[in-house]
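Working notes for the structure below.
None of the figures in this text is laboratory data; all of them are computed from the coordinates on show. Remember, predicted model here, so these are calculated numbers, not experimental data. Virtual Cβ from ideal backbone geometry, glycine too; neighbours counted across all protein chains shown.
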């Protein structure tokens, strides 16, 4: 292990070490003072984020080409670390309130983030698989961490079973690709396909199976079935983390693998991605209408948003648009992460100890009793719908532009129509908040308030000055 | 302002824009800073602005004489450039415009100074000192507008000034808009302003038509361009139309038959306004317009004759009314109409120099007369004030308002004022003799020149001479009547006994005017013909007339006879308090007609105004409200629209469009429920779903 290898994975190494030490340190922290663990975890994330940002603009290939540090990984890892910080912020008071405050909660989040970051830096299918497992297993545990609650346990076991099932497809896909090309390294796979040495059918089958694995992770149709149940059953703070973190990691891997390992079969894969995107948008948005539980509604909403990002990714078949597609995709991930964390923070504020307060009807009267919180919720709902002045609109704007430029008019049309449908259930929340009488009970907790407040401001302000953020996303290119 | 040019050439043509900018500057200064300035300072600023304008006019006259009266055009700014219409704001300096500038700014400055004294007392008597500043702002604005009028190089620029002075006239007639002429609360003055404005609108409409026709036919509104193409293509029909339309404008602005009715009412304005705007300057704009358009009028004799006849008829008609008036200013107002008739008759006959000559001398002596009349009125007011407060000893505002209404302008309240106001008396005498046309006063020379031209051109313009001669006779008569009634005999009221002379700030400008009224004839004395030679440079084909002792003799004798008759009637046996006019008996209904202005206002009321009101009422109530609003709008449009809206709303929108939308929503909702029901919670179903997905993707990729 030379210095370059070390440097390329420096943030991951630091964070891994930090999490392992945190587990040990946590043993010496009193049960009543687990807040200290949270702060330490957050400090670790902040430190890692600093290291990551210090690596901005550098490109280092490490470990014999198995991992890479580049603009893309820096951008995605920053976003992942931000998600980790938000996850701790929303969990801090919530898990205490729900009586599930344990030291390992924070360590598990940190471990999961390590896996996610590794995913963004992977340059070899084996590393991809390892990263996938590294990020998934802590999530299984986190979903089931409220083990006194049957629903949480059910969520954990469902997630685990289906995750393992889809993980199997990934392994099988890796094997097929290896069989066809004789390598698991992206560069060599691509070279092999380009020179025509590889058996195309095998490569296609392998790529398709890998796609299934990532499709499962991001909740694309028809691999989305677990999402509503797990989102609903898992503790809300875990759901918030899953919704943002797992999606970011899944998409970054999808982009990385298909843009660098399989660029030459993109023409074959693109229609499949397009159809999956269309189905995902339709199913996610249509099914969300019928939901009465806000967590389930947001679960379907997250499926729908995965569809939008996939839609842009369908454009990656055109090499001229590949960079645009990727930057539009990761920009949308930023927008989604910010809006999503804000929304979940408010959901957590209204959730009561016995798990009540999660029906959409429970938001009635919020506009009167908590005007600021209702205003923030309004901003998030508008952003999720894609109405100005919010970041959601800007994200959709970039996405649709790429799709239209790639000549997928029918896909753009479906995207727009399903956005229209989504207005129904997002705006219904606003209507209920402001126009229905009710006395909603809310929890005032400073970190929660900070989260939804800051996210609301970011959603609006960044939408007014999106250019610099988009320029950063555009600069986050893969090498 | 083009100062370098001035220095280079030694002439002052470049200064001409200052004619407009000095009064504007004075106006703005008073508007902005006047609130904190004393009356004296405000008056001084305004007078200085007007005086500087006069200085510029003098410099221009000097420059013009040094360059042999050649036309100078000074470009100031681009104005309107649309299609064929290419007009700039260009100043026209020629001998005609300079005469007008000198008269307007010269007389204007004297009146400004006079007004400092006059308005000081006027605002005091009317308990509203805040209006002092407003008066001078308007007055400066008037001077600026008048300068634009006389210095414009195109009909449109002239029209800008024309409208501008009309506005000032309106504002100043209604200056005491909340009083009537007796100082009671009333809207009479405001209505007088309105009347002037509306009568002028009728005239302006004619002027506008003249301009439209001019532009349509000649493609320009610039004077030289119009005259040039008119002389090349003298189409008599078009030029007749233009000149006749223009004549309508002239009858409005210069108060000729049939649009003169506004001018007597305009006396509602403060007396300096009557003198400046409604005697000396603005009302002569029509005369100026005809002289300016001389090349057009020269081309069509028939129109010229109409112009001359209108002037002559107006001269006599107004003179007869003046005979029957009792208000000192009303007499002068009808006299002004009559004298404007002389000028219009002169310019109609092509005697442009005589017209302009009379315009100038009339400006001197009529301004003098009006201002002296103002001095008399104020003298009476002072007497009245003295009586009202002399007894009570303390200034009791209520007592002031409760007392009997007193008209300080009614000549029947005066008598023997020469004893109380000797200075004013002598000034008034000078003006009267000038107006009556007594040798060697200014009016004698100018009026004589008009009569001479009328006599010489009698075959082309039959009747004009006789009408004018009769008017001249009556002029001398009514002025004589006025003198005897006002200054001689016995005081008919207590107030007249206590009338007081005006201060020097008022009488000194009057002395200057009196000097001009006496010696103004020198402008164009037979033999020298200075004005004729001066205007030769601008107006084509003018030539000095020869002095005719016959004409001069006849008119002088007529005037003396008229004054003699007036002495017999009013001087020998002075009018006593409450006595009816001695003319009433011998003349009977004729005098009743004179007293009542020949019932012209009533006639207009019956023929035009009331039918117009009826028509307006019909249009507004019957047509607009009952028919248009109630029936058409409510019954037809509203009900029809409602029916259509109902149709569109119920069967179309609700039945078709909404049904489609509902159907779509229902479908979406049902599919949503269907999709949710797929979510049965069993992991095996979920795994199956994944498997189906895998199979379909692989199937597609491998089999395609």
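For chain B, take the alpha-carbon Rg, divide it by the Kirkwood Rh, and send me Rg/Rh. The partial results should precede the final answer.
On the way: Rg = 35.1 Å, Rh = 28.5 Å.
Rg/Rh for chain B comes to 1.23.
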Fraction of the pair-distance distribution of the range B:490-539 above 13 Å, Cα-Cα pairs, percent: 72 percent
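Taking R0 as 60 Å, what's the FRET efficiency between residue B:124 and residue B:550 from their Cβ-Cβ distance, rounded to 0.05?
Values: r = 53 Å, r/R0 = 0.89.
According to the calculation, E is roughly 0.65.
Assuming R0 = 41 Å, what is the FRET efficiency of residue B:602 and residue B:567, from their Cβ-Cβ distance, to the nearest 0.05? Could you put the intermediate results ahead of the total?
On the way: r = 33 Å, r/R0 = 0.81.
For residue B:602 and residue B:567, the calculated efficiency is 0.80.
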So for B:656, A:12, fewest C-beta neighbours within 10 Å to most, what's the order? B:656, A:12
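Divide, for the range A:185-341, the radius of gyration over alpha carbons by 2.2 N^0.38 Å, where N is the residue count. Could the numbers behind the result be given before it?
Working: Rg = 16.1 Å, N = 157, 2.2 N^0.38 = 15.0 Å.
Dividing the Cα Rg of the range A:185-341 by 2.2 N^0.38 Å gives 1.07.
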Starting from a Cα-only point model with no solvent, please compute log10 I(q)/I(0) by Debye for the range B:602-703 at q = 0.14, 0.18 1/Å. -0.84, -0.97
If you build the Cα gyration tensor of chain A and take the root of 5 times each eigenvalue, what three semi-axes come out, in whole angstrom, biggest first? 34, 27, 20
Per-residue mean of C-beta atoms belonging to partner chains within 10 Å, peptide A:217-223: 3
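Run the numbers on chain A and let me know its relative contact order in percent, using alpha-carbon pairs under 8 Å that are six or more apart.
Working: 837 pairs, mean separation 71.9, N = 479.
Answer for chain A is 15 percent.
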Extension length gain for residue B:584 and residue B:696 (0.36 nm per residue less Cα distance), in nm, is 28.0 nm
For the residues B:134, B:481, B:201, what sequence is obtained by ranking on other C-beta atoms within 10 Å, fewest first? B:201, B:134, B:481
Let me make sure I get this right: for the protein assembly as shown, a, b and c are the square roots of the gyration tensor eigenvalues over alpha carbons, sorted descending. Under 1.5 in a/c it's rounded, otherwise prolate if a/b > b/c, else oblate. Which is it? prolate
Under the 7 Å Cα-to-Cβ spin-label approximation, residue B:576 and residue B:557 lie apart by a distance in nanometres of 3.8 nm
Cβ-based exposure ranking for A:126, A:210, B:42, in which fewest neighbours within 10 Å come first: A:126, B:42, A:210
Using only alpha carbon pairs under 8 Å that are at least six residues apart, calculate the relative contact order of the range A:130-204 and give it in whole percent. 19 percent
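Would you mind putting A:78-89, B:674-685 in packing order, based on average other-beta-carbon counts within 10 Å, highest first?
Working: A:78-89: 25.2, B:674-685: 13.7.
By packing density, highest mean first, the sequence is A:78-89, B:674-685.
I need the semi-axes of the equivalent ellipsoid of the range A:263-479: take the C-alpha gyration tensor, multiply each eigenvalue by 5, square-root it, list largest first in whole angstrom. Write out the running numbers ahead of the final one.
Working: eigenvalues 216, 69, 35 Å².
Output for the range A:263-479: semi-axes of 33, 19, 13 Å.
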Which shape class, rounded, prolate or oblate, goes with the range B:108-189 when its Cα gyration tensor gives a ≥ b ≥ c as root eigenvalues, a/c under 1.5 marks rounded, and past that a/b bigger than b/c marks prolate? oblate
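Once the convex hull of the alpha carbons of the range A:115-272 is built, what does its volume come to per residue, in cubic angstrom?
Details: hull volume 13.3 nm³, N = 158.
So the per-residue hull volume is 84 Å³.
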Work out the FRET efficiency for residue A:427 and residue B:622 from their Cβ-Cβ distance, taking R0 = 56 Å, and round it to the nearest 0.05. 0.55
Based on the alpha-carbon gyration tensor of the range A:371-479 and its eigenvalue square roots a ≥ b ≥ c, which shape applies: rounded if a/c is under 1.5, prolate if not and a/b is larger than b/c, or oblate? oblate
Calculated from DSSP helices alone, with each H run of at least 4 adding -39500 (n - 2.57) and the total divided by the residues of the protein assembly as shown, [θ]222 nm to the nearest 500 comes to -23000 deg cm²/dmol
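With contacts defined as alpha carbon pairs under 8 Å and 6 or more residues apart, what's the relative contact order of the range A:263-479 in percent? Don't skip to the answer; put the middle values down first.
Numbers: 332 pairs, mean separation 64.1, N = 217.
Computed value for the range A:263-479: 30 percent relative contact order.
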